[in-house]
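Single-structure report; data block below.
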Amino acid sequence: MENQENKKARYIVSDFPEIWEKIPEDKRHLFIEQEERANRKGNLPTPPEGDAATPHAATTPESDSAPGTTTSIRQQIIDLTLDALRQIKGGGSKNARVTCPICGHKTCDVKRDNGLFHCWRQPDHKGIIHELRSLNHKESSCIDRQYYAHARNQQKELKKDKGYVPTSTDDYQEISPEVRSRLYPICPFAPEEEEERQAFIQHFHPSNLQVRCPKAQPLLSAPELQHLQSQVRSYLQAMGISPEVAKRERVMCAYTSQRVDDSRREDPQGAEPVPAIAYCNWLSGRIINVKLRTVSLNPLTGEWSKHFEQISPYKPCAPYGIHSLDPLRPGAEPIHQLIFTEGEKDRLTLLTCGFPYVLSIANGAATNIEESHEAFEEWILQAEEIIICGDKDKPGRGLEIQLLDRYKSRAKVVSLPQGMKDISEAYQAFGAHEVRRIISEAQEVDADEVYDLSQHQDEIMRSMMGMDDKGYDVGMGTLTDGIFHPTNEGGLIVLTGIPNSGKTDFLNCLTTHLMYHCQKRIAYFSFELPKKSKHVRNIARIALGVSDTATLDGIATPEEARLENQKALGFLMRHMVDFDTKSRLPDSDNIITMAEQEMRKRGLDYLIIDPYIFVDMTEGGSRATETEKVRLMLTKLQAWSRAKHVWTIIVAHPRIQYKDGHEDFPPLDIYAIAGSAQWANLADFLLTVRRVDKPQEHKVFTLVEMLKVRDQELCHPGKVYYTRQPCGRYDERPDEQACIREHAALEVMEKDDQPWISAS
């Protein structure tokens with residue numbers, strides 16, 4: 001018999017909802033019958049009505065021998081219980097995380113192998129599951145003593161660890177006094193608010209704070225505080241956020257550090273204090289985390305700075321605005337609709353528009369929703385309907401999927417007006433009435449992401465009325481436009497041809513036309529021309545219409561040539577970039593990363609990869625075939641290009657490698673590219689370049705054949721003949737005979753030989 005001090009309170013499986021749900025329904029009668037037998041014997045008295053958390057009295061191992069209880073049934077019950085414990089997620093590999101039968105919070109760990117449990121919220125709450133009592137573990141034994149001691153110590157250490165995510169609302173602690181010393185209200189206290197002012201000072205800026213906390217910030221002077229508050233209020237006003245809403249939500253302000261531009265040399269430490277709005281996340285009257293956003297206005301651009309600082313003992317943070325869902329809040333009422341946003345500003349915007357229950361995902365799109373929401377799951381479940389109102393960029397879409405996976409049975413997704421990144425942009429553009437319309441028209445989304453016509457009526461109607469993107473001429477002539485007439489939608493363009501057929505040369509001419517005649521911005525990954533200056537010089541030759549930029553083909557003095565070259569270079573600096581991949585592997589992920597960085601800085605319309613053979617294809621791992629690697633790489637590039645509205649041009653080699661200069665090769669077909677047929681399948685445009693060089697027959701021209709055009713409303717597959725000028729410009733000709741007559745000097749054909757600089 002166990003000593004009294006070593007007895008552990010015993011509970012039945014049905015006391016733990018997470019375990020009980022894992023027991024098959026057709027087997028639950030075994031547990032019920034066992035409990036009834038135990039009650040008849042007086043070993044497990046029924047708890048008082050309405051008190052399911054009262055522990056049952058301990059039973060003795062001898063109760064297994066009661067009449068009507070067989071060893072096989074007993075073993076079944078043990079196996080079912082152990083199997084249920086193994087199915088429950090959370091708690092790690094050795095423990096299962098369940099709701100504590102005493103405190104009612106999901107803060108209880110049960111050992112999967114023997115049923116010992118311990119509540120993290122209250123270390124004294126511990127026991128063993130009745131159905132596993134025959135395993136006969138005692139707290140006095142070494143394994144049990146270690147388990148309970150470890151549980152108590154681990155709880156203390158976890159709260160010290162900044163990576164700890166509380167599983168109970170009570171575990172969230174207030175931010176440190178050092179952090180609180182940085183915070184101030186956004187509005188000065190009125191004379192009649194003297195009591196509130198004193199209370200604020202006492203909590204945030206007590207007189208002896210710096211003695212106790214040397215890192216605490218000293219109290220701001222009156223002019224400093226006035227400037228800070230004025231900046232934050234100006235920002236809120238510019239965003240259209242109601243001051244009453246900001247004050248009610250206890251938005252605050254603070255100074256944060258921002259790196260100084262090195263050229264200014266204003267601070268030897270490289271940082272300066274900048275006014276910031278402080279989004280304080282309150283819970284039960286205490287601030288559990290703060291997110292700072294700088295609010296300095298650039299007088300030249302009229303844009304507000306956007307640098308963030310998240311201060312929190314926990315990661316991920318609790319949802320911003322969680323206090324509004326507290327079941328014990330004053331005037332609590334049923335929550336019919338709860339809106340999730342990605343940013344704190346979006347939350348204040350929706351509150352300003354009249355929506356009372358809004359949560360912002362504190363860490364944005366990178367948040368682990370499961371961890372961030374665990375302690376507040378019961379609060380969130382109060383909502384009858386959930387509206388997901390995130391950003392419409394790629395990270396925002398990922399967050400949207402996370403929320404749909406978690407709340408799909410009650411969730412709807414908003415559809416923002418075209419061109420709007422988030423709900424705040426829609427509010428500033430169209431006002432509160434439009435925001436309320438957007439939220440009211442949120443739609444359920446199927447897991448398969450069906451293209452719902454009702455959600456895309458405007459887009460469909462524009463297409464039906466002939467208002468689609470009509471594309472643009474590339475500047476090389478009407479014949480070229482007949483086979484290549486791109487839109488601004490973006491996609492994948494594949495260019496192929498045998499070695500030394502002029503692929504790169506023709507591409508240089510095409511992209512120069514796009515820069516000078518269409519004002520497009522081009523990014524090059526030119527692997528076969530390591531000296532980037534020569535590549536830029538070749539582009540400049542085409543733009544200036546000369547073969548020698550040093551003398552402008554002998555018509556200019558060095559000073560005049562330098563002036564013209566400088567004009568051309570200035571334009572190219574604004575319209576092209578040549579990437580150098582010496583510092584990182586040129587795989588598809590790095591190419592996309594570099595392209596996106598350039599896009600954010602200066603914009604991007606075309607991305608050139610010449611040739612693809614230099615790309616390190618990591619897709620699919622080491623076991624993937626070349627065909628599979630090519631398919632995955634092209635799929636990734638195509639999806640990115642369409643999402644970003646960028647045309648990606650990839651230069652590829654044909655499957656059969658002909659000798660350089662071999663002119664009598666058979667025409668390349670649509671599936672001629674080495675590596676995979678996916679080149680043809682995934683390309684939106686596929687073209688071949690073929691150079692013919694037979695001067696004795698006056699056959700000196702380049703033939704470009706468009707083999708595939710996905711959308712043939714604006715152009716069609718076909719071929720165009722070109723003659724090449726010494727500067728690198730290609731002039732289109734109607735047929736082969738015209739090229740022959742021109743080379744034989746039998747006919748003077750029109751050509752563009754004027755500089756394009758003036759046109760810019």
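Miscellaneous remarks
- Taking the numbered list (1) in contact (Cβ under 8 Å) with a residue 12 or more places away in the chain; (2) within 28 Å of F430 (Cα to Cα) in turn, R180 passes all entries but (2).
- Candidate set: the range 602-618, residues that are closer than 18 Å to M633 by Cα and hydrophobic (A, V, I, L, M, F, W, C); chosen: the one surrounded by the most Cβ atoms within 10 Å (Cβ to Cβ): L607
- In the range 726-745, of all residues being assigned to a loop (DSSP other than H, G, I, E, B) and touching an Asp or Glu at 6+ places or on another chain (Cβ under 7 Å), the one that is surrounded by the fewest Cβ atoms within 10 Å (Cβ to Cβ) corresponds to G728.
- Of everything listed in (1) part of a helix (DSSP H, G or I); (2) farther than 24 Å from R286 by Cβ; (3) small (G, A, S), the single unmet condition for S409 is (1).
- Qualifying residue in the range 529-542 (condition: at pLDDT below 90, in a loop (DSSP other than H, G, I, E, B) and surrounded by 22 or more Cβ atoms within 10 Å (Cβ to Cβ)): no
- One residue stands out among those in the range 392-437 that are touching a residue at least 40 places away in the same chain (Cβ under 8 Å) and among the aliphatic types (A, V, I, L, M): the one that is surrounded by the most Cβ atoms within 10 Å (Cβ to Cβ), which is I423.
- Residue in the range 202-210 that is of a type outside the set (V, I, T), part of a helix (DSSP H, G or I) and touching a Lys or Arg at 6+ places or on another chain (Cβ under 6 Å) present: yes
- Qualifying residue in the range 337-355 (condition: assigned to a loop (DSSP other than H, G, I, E, B), modelled with pLDDT of 90 or more and either over 24 Å from F430 (Cβ atoms) or not assigned by TED's automatic domain parsing to the domain that holds H433 (or both)): no
- In the range 337-349, the residues that are in contact (Cβ under 8 Å) with a residue 12 or more places away in the chain and closer than 17 Å to Q237 by Cβ reach residues that are assigned to a strand (DSSP E or B) and charged (D, E, K, R) with C-beta atoms within less than 8 angstrom, at least six apart or across chains, in these pairs: E344/K291; E344/R293; K345/R293.
- A single entry from K27, K8, K22 fulfils the requirement of being in a loop (DSSP other than H, G, I, E, B) and at pLDDT 70 or above: K22.
- Unique residue being under 27 Å from K719 (Cα atoms) and in contact with a helix residue (DSSP H, G or I) (Cβ under 8 Å, 6 or more places away or on another chain) when the list is R541, R521: R521
- Test: residue in the range 700-711 that is over 25 Å from T627 (Cα atoms), in the same structural domain as D553 (by TED's automatic domain parsing), at pLDDT below 90 and not in a strand (DSSP E or B): yes
- When each of K532, K567 is tested for being within 35 Å of the chain's Cα centre (by Cα) and in the same structural domain as H517 (by TED's automatic domain parsing), the lone residue that passes is K532.
- Per-region count, the range 354-403, residues among the hydroxyl-bearing types (S, T, Y) and closer than 22 Å to E444 by Cβ: 1
To keep it simple, each residue is scored yes or no on (1) more than 25 Å from E371 (Cα to Cα); (2) of a type in the set (S, T, Y); (3) at pLDDT 95 or above.
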position	(1), (2), (3)
S207	yes, yes, no
S242	yes, yes, no
Q269	yes, no, no
G302	yes, no, no
K306	yes, no, no
E309	no, no, no
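- For first residues located in the range 188-209 and closer than 17 Å to M252 by Cα, partners that are among the polar types (S, T, N, Q) and surrounded by 12 or more Cβ atoms within 10 Å (Cβ to Cβ) and lie 6+ apart or on another chain with Cβ distances below 7 Å form the pairs P188/Q229; F204/S181; H205/S181.
- The set of residues in the range 549-601 that are of a type in the set (D, E), surrounded by 14 or more Cβ atoms within 10 Å (Cβ to Cβ) and not in a helix (DSSP H, G or I) comprises D553, D578, D587.
The values are calculated or read from the model by the stated rules, or taken from the named source; none is laboratory data. Because the structure is predicted, anything quoted here is derived from the model rather than measured. Cβ sites come from the backbone with ideal geometry, for glycine too, and all protein chains shown count toward neighbours.
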